[in-house]
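The values are calculated or read from the model by the stated rules, or taken from the named source; none is laboratory data. Quick caveat: nothing in here was measured; it's all calculated off a predicted structure. In this analysis, Cβ positions are derived from the backbone assuming ideal geometry, glycine residues included, and neighbour counts consider all displayed protein chains.
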Amino acid sequence: MRKILSGHLHNKGVTLITLIIAITIFAVFITVFSYVMIAKHGSEVLYVQSTRAYAVAQAGIEYGIRYATDKYILNHNYNYSDFPITKSLGSGSFTLGYSAANNTLTSTGTVGTAVRVITVSHFRALVKGKGISLDYSYTPYSWD
């Protein structure tokens, strides 16, 4: 009975095997954690590029609205034939396209491998001074 309570039951290698298993499990956790951190760091670049591409596309929309508004004010009858327009901005670029059939302005922002697209509907009404409404039930009149 004394041998059972004192832990001397011919188990001389159990502690060593337990230690090896614990070290192996710890090493696996460290390896997985390192892999996740490296993968996260690599995907962060794509996230930053995507965010910048969205900002460039938004700048393209603002540029397109101002460009078309200025041309309309100067000519009093702008025909939108200058589109597509491509401009560089910082580390990226935007391309503006106008669809007369849908009356939409589309800005495609590109930074690195990231591409983001923003579309504005009712574009001619916006350019001709009707402005932007935050009321979703409001539909601007057609200028056709």
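Against the test of being at pLDDT below 90 and part of a helix (DSSP H, G or I), the options T15, T24 yield a single qualifying residue, T15.
Restricting attention to region 91-132, the residues that are of a type in the set (A, V, I, L, M, F, W, C), modelled with pLDDT under 90 and either closer than 18 Å to Y54 by Cβ or loosely packed, with under 15 Cβ neighbours inside 10 Å (or both) total 5. Only residues that are surrounded by fewer than 13 Cβ atoms within 10 Å (Cβ to Cβ) and at pLDDT 85 or above were counted in region 67-85, giving 1.
Within region 98-108, restricting attention to residues that are farther than 12 Å from Y63 by Cα and assigned to a strand (DSSP E or B), the residue that is nearest to the chain's Cα centre (by Cα) is T108.
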